[in-house]
Amino acid sequence: MRVGLFGGTFNPVHNGHLQVAKEIKDGFPLDKIIFIPSAIPPHKETETVANADDRMNMLRIALSDNSLFAHAFEISDVELKRNGPSYTIDTVHHYQSTMAGNKQFYLIMGRDAFFEIDTWKSYMDLFDIISFIVMSRPGSNSPVNSALCEPLERYIQSNISPHYEYSSLEKKYHHPDKMPIYYYPVTPIDISATMIRKLLKNKMPVHSLLPSGVEAYIKSKGLYT
Ligand code: ATP
């Protein structure tokens, strides 16, 4: 069983998250994707960061759409329940120890998030224990749909290990000792949570950017105003 771990602030969850998760689930393919909202220290919860309960509720609403059930999406509060900040390495250990057995885990993230991985706690250890699926994302200067992503290759070879090499046959960077890194070009969807928060603040329409139930929740709670 192949399980994707999809972390993020989901502040709020939007159609970009949902669309790329569907594409990875069906196309990679994976059997299941677990959405894992990250903890944000309470002092950083301001008008721009919704609290953990609201971010969880918005994910629940987004994923309660029947058509998404078929995609075997789940939500986990494992990072929200842990004390202190979220560290992906702890989450990976959690899943690999509690959901072990016949399961293979993959960390899913957009290219923008991957390019910051050298700031993460114990990031080098991650490459020893889990495979990555790095998705294309609009907003950077290389072609989003090409199978090979040169900035990604440069980043991997200079920040992770020069011994990662691209296999066009398997569409992944492989390494003699470390776990593979897959590059998966998804349909470019130019939506970000930052964009949605800005639109909401300026009282502009957001209905094509996130599920209608999530929009209704945001309005009813007066979030991001
Ligand atoms: P913000 O604008 O607040 O930084 P975001 O839209 O990037 O938020 P996150 O919750 O931070 O959303 O993203 C979670 C993960 O989903 C990250 O790995 C991010 O790269 C990826 N992601 C989000 N939106 C897209 C998108 N439109 N296409 C591809 N990947 C995306």
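The values are calculated or read from the model by the stated rules, or taken from the named source; none is laboratory data. Model, not experiment: these values are computed from the prediction. Note: ideal-geometry Cβ built from the backbone for every residue, glycine included; neighbour counts use all protein chains shown. Accessible surface is based on the protein model in full, side chains and every heavy atom, while ligands, DNA and RNA are left aside. Shrake-Rupley method; radii C 1.70, N 1.55, O 1.52, S 1.80 Å.
A few points about this structure:
- What the Cα atoms of the range 169-225 give is an Rg and a Dmax of 18.4, 52 Å.
- Per-residue SASA remark: LEU199, around 40 Å² accessible (1.4 Å probe; ligands, DNA and RNA not included).
- Cα-based radius of gyration of the chain once divided by 2.2 N^0.38 Å, which approximates compact folds: 1.01
- Share of Cα-Cα pairs in the range 1-117 lying beyond 25 Å, as whole percent: 19
- Here the calculated FRET efficiency for ASN102 and GLU153, from their Cβ-Cβ distance with R0 = 22 Å, stands at 0.10, rounded to the nearest 0.05.
- Per-residue accessible area (protein heavy atoms, 1.4 Å probe) orders LEU107, LEU169 as LEU169, LEU107, starting from the largest.
- Of LYS81/LYS103; LYS22/LYS221; LYS171/LYS201; LYS22/LYS81; LYS32/LYS121, pairs whose Cα-Cα distance is over 30 Å: LYS171/LYS201
- DSSP beta bridges in the range 2-190 [antiparallel fraction, %, rounded to 5]: 20
- FRET efficiency, 1/(1 + (r/R0)^6) with R0 25 Å, evaluated for GLN19 and SER168 via beta carbons: 0.45
- The mean accessible area for residues of the chain, using a 1.4 Å probe and ignoring ligands and nucleic acids, is 49 Å² per residue.
- Sequence of HIS17, HIS94 from largest to smallest accessible area, 1.4 Å probe: HIS94, HIS17
- The apolar share of the surface of the chain, taken as the fraction of accessible area on carbon and sulfur atoms (1.4 Å probe, ligands and nucleic acids excluded), comes to 51 percent.
- Potential extension, SER220-GLU74 segment - 0.36 nm per residue separation minus Cα distance: 50.1 nm
- With DNA, RNA and ligands ignored, accessible area of GLU153 (1.4 Å probe; Å², nearest 10): 50
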